[in-house]
Structures are given as C-alpha cells and as structure tokens.
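The structure appears right after this line, and notes come after that.
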Amino acid sequence: MSFEIWENARLATMQEGQDANYGLIEDGALVVEGERLAWVGMRAEMPAQYRHGAVLHDAHHALITPGLIDCHTHLVYGGHRANEFELRLNGASYEDIARAGGGIKSTVQATRLATEAQLFEAATKRLTNLLKEGVTTLEVKSGYGLSLAQEAKCLRVARQLAQHHPVQIKNTFLGAHAVPPEFQDNPDAYIDSVVAMIEPLKAEGLIDAVDAFCDRIGFTYSQTEKVFKEAQRLNLPVKLHAEQLTDSHGASLAAQYGALSCDHLEWLSEEGAAAMSKAGTVAVLLPGAFYFLRETKLPPIELLRQHQVPMAISTDSNPGSSPCTSILLMLNMACTFMRLTPQEALAGVTRIAAQALGLKDRGSLNAAQRADFVLWDVKHPAELAYAFGSNPCLSTIWGGRVRETPSVQNHH
Ligand code: DI6
Ligand code: FE
C-alpha cells in the first residue's frame, strides 16, 4: 500500500459544519491513496504510518481547495448567438427573439446540422476553459436536439467528452427545453414525445437526471409534471429551470418530486423556498445569465438563507443567456451581484454543487472522498472570489493524479 502526501499547503477543506471559515487548516496535509483521500488534517498531526515509503509533493504554500464543480451547463451545442447579442443591443429582448423563432430554436437548428465530431470539437474548447480553472466535475444538459435521435447525439457527445478528458460529467436530459419547429403548434404532443424519449435514452446509458424549462417561454406546470412523473417511474432524479422569468410555481412542483436542484430562481416565492427547504433541494444560482440578460430582479438570497436552502453557483454555459466558460468569474459575480459571501460562493462551486448533482463522494476535502483538488496561487480563499479576469490555478489533481494542464485553445 503506498501513499502520496501533499504538504506545505493551506487547506480550504469546505467541510460541512465548518462553514464559518472555509474549514481552513493552516499547514495542512493531504494523504492520497489511489483515487481517494486517505487522510486530511494538520501536518503535525498526520499519523506516522502514512510517511512510510510515501511519495511526497511539496505544495510550496499554495492554497488547496476541493476540485471545482460546475453543476449546470449546456456545453454541447452547435453555432453561437453573437448575432442575437447584436439584436439585443439594437433593442430586441431575449423573449422577443425567442418568440420570433430565434433564441434556443436557432441553436437547435445549428445543433441538428452539426456532426458528433463537430459538436465534440466545439464542446472540447469550452470544456478546456473550465478545466484550466480547476473544474473536476460538471453537468452537461441536452436540450438543443429536441428529438430522440438528436438528443441522443448530444448526450453521446457529452459521454465522449468524459471519456477523452480527465473530468467526470453527469448527463441531464433536457428534452423539455423548447418546442421544436415540427411541433410548433402542439406543445402537448411534443411533451408526450419527450416523455417517450426518457426510457430509451436511459436504456442506452445516456442520462443521469431529467430537467425541464418551466416558464412562460418554456413549458407549463402540468407539462413539466408529465416529464417528472416519467422520470420518477424510471428512478431518475429530477431538477428544474424554475422561476427564471416568472413565478410559475415550478420550485414547489420540483420539490414535490424530490428534485436535486431548482435553478435560476429570480422569481422564487416564499412558498417555493419553503418547499425546497423541506425537500432538501439545492438552489442553483446562475449569475452569468443574470448578468448577460441584464436582469434586474435578483434571486431572493435572504429568503434562501432564512429557509436554509443550500446555494450552488454555476456557469449555465450556453449560447443564449450565458456564453461563459469561467467558473471563477461566476464566483465573483455571485458576490458582487447576488451578495453571497466569498465563503458561500466557494461552497457553491464545491460541496453544494456536489449536492446539486447528487454526488456524495466529492465537494470537500475529507478522508474517503475522491482525491480531486486544486492548488491555487493565492493565500486566502476569499481571493478566488475577489479577483476577476485572472486565473490563479497552479495545478489540478483529479482522482489522485496530477492532471495535465490543458493546452490553450484558440478560436481560429
Ligand atoms: N434557461 C437558460 O438560461 C438557458 N436555457 C434555459 O432554459 C438558455 C438557453 C438559450 O438561450 O440557448
Ligand atoms: Fe440553463
């Protein structure tokens, strides 16, 4: 049995219950055995048995945090929407564009036309940016294919991304993202077809959870419930894009189905927050979408705190409302726009993000958790949320192994 020891570091363990101060350990040590952490604590207290024949790594006074987790992305899609960005700057709104057949639908068209190889290549560039900032686990949603074959194509690409890159990916089926053109006048028929896609996609091993967009430009409460019923029948966890543009009571609905998370939540009501609290549902806050759509209504952070709803932070990386591949920028924006504390924000991309994905084996530095952690060129964890536009990631350890720094990918 051989161990690897990482020492000469300050640890932000983010352990539960230690929230007041990031679970900080000065002069800490991590003992790695295979893919797992065998021991975490103050170096002076490390049991002598671990030193025996161990490989030593000097962290040179780096700060070490758990690997970052981006728990809400739409990373696999064709094309981009810079044109729509221009339209918005010329006066159109996000909803106007969506209603006029642009928005999500234009990305659906580009995605349908793309081959798996093209989607893989485009998503790899985006993934590379996330990896460079210490992301070790992420979620990828479908939702730009909107037919069984096209959704399967995108979900296969997400599985391939995980096979070819040192990262773990949870796949979420978001068939109920928008109504595709062939069902334009019959959203209910489309929802029936979404319901029918879940079983075959699950049988192909392509989905780990089911999501829907419940809003006035998405699907209604009862359409969403149909999707949830089928997910529940198939034992798949659910989550929801809820109360982004209106209060559609999606959060309460999702909570009834024991949702892992409700995401966006700008228009969340007290009733919704209470339901989430009772169900143990995580609130996923997406400051990139809030910023890029120039929303003015903030998610009710104080209400979430009062009801002790755990808050995660994510990029929502997607071409329409958050063309962003920087989880560090989201930390900063969660603090500046949403007034989270740096401590809440860091928990939101580590321990709470793991919870939003239903993962119990990661998200904090704890014995028996996965050895996913990041060395940062900062002294204090608050610096990660404080600075923006810089990347102090020194190296990432994923499943106990130092991950190669992904090479810089250019646009052209
Ligand atoms: N809400 C969002 O913010 C993304 N999807 C959703 O349901 C936006 C997707 C897009 O505009 O392409
Ligand atoms: Fe989203």
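Worth a mention:
- Ligands, DNA and RNA aside, R43 has an accessible area near 80 Å² when probed at 1.4 Å.
- Cα-only Debye scattering, region 346-397: base-10 log of I(q)/I(0) at q = 0.21, 0.29 Å⁻¹: -0.86, -1.16
- The per residue volume of the convex hull around the alpha-carbon atoms of region 49-197 is 163 Å³.
- Amide H within-cut-off set for L394, under 5 Å, with H built and near neighbours excluded: L375, W376, D377
- By the Kirkwood approach, averaging reciprocal distances over each pair of separate Cα atoms, the chain gets a hydrodynamic radius of 21.5 Å.
- For region 303-412, the alpha carbon convex hull comes to 143 Å³ per residue, rounded to a whole number.
- Between F219 and F213, C214, the built amide H atoms are under 5 Å apart, and every one of these is 5 or more places off in sequence or on another chain.
- Whole-Hz ³J(HN,Hα) from phi, Karplus 6.51 cos²θ - 1.76 cosθ + 1.60, for region 256-262, glycine and proline x: 4, 9, x, 3, 5, 8, 10
- Mean residue ellipticity, 222 nm, helices only, the chain: the sum of -39500 (n - 2.57) across DSSP H runs of n ≥ 4, divided by residue count and rounded to 500, is -10000 deg cm²/dmol.
- In region 1-143, the portion of solvent-accessible area held by carbon and sulfur atoms comes to 51 percent [1.4 Å probe, whole percent, DNA, RNA and ligands not counted].
- Karplus 3J(HN,Hα) series, Hz, for region 242-248 with 6.51 cos²θ - 1.76 cosθ + 1.60 (x for Gly, Pro): 10, 6, 7, 10, 8, 8, 9
- Here the relative contact order of the chain, from alpha carbon pairs under 8 Å that lie six or more residues apart, stands at 20 percent.
- For region 243-379: rounded, prolate or oblate by the Cα gyration tensor [a/c cutoff 1.5]: oblate
- Beta bridges from DSSP with both residues in the chain: antiparallel share about 45 percent, rounded to the nearest 5.
- P(r) tail fraction, region 131-183 - alpha-carbon pairs more than 13 Å apart, %: 59
- Net charge of neighbours whose Cβ lies under 11 Å from the Cβ of A54, counting Lys and Arg as +1 and Asp and Glu as -1: -2
- With contacts taken as Cα pairs under 8 Å and at least 6 residues apart, region 220-277 reaches a relative contact order of 34 percent.
- The relative contact order of region 1-154, computed from alpha carbon pairs under 8 Å that lie at least 6 residues apart in sequence, is 23 percent.
- Here the Karplus curve 6.51 cos²θ - 1.76 cosθ + 1.60, taken at θ = phi - 60°, turns the phi angles of region 369-378 into couplings of 6, 4, 7, 10, 8, 10, 9, 10, 8, 9 Hz, with x standing for Gly and Pro.
- Coordinate range along principal axes, alpha carbons of region 153-210, Å, largest first: 43, 20, 15
- Surface share of carbon and sulfur [accessible, 1.4 angstrom probe, percent] for region 354-401: 56
The values are calculated or read from the model by the stated rules, or taken from the named source; none is laboratory data. No experiment lies behind these values; they were computed from the predicted model shown. Using ideal geometry, Cβ is built from the backbone for each residue, glycine included, and neighbour counts are taken over all protein chains shown. We work out accessible area using only protein heavy atoms, side chains counted, and drop any ligands, DNA or RNA first. Shrake-Rupley method; radii C 1.70, N 1.55, O 1.52, S 1.80 Å.
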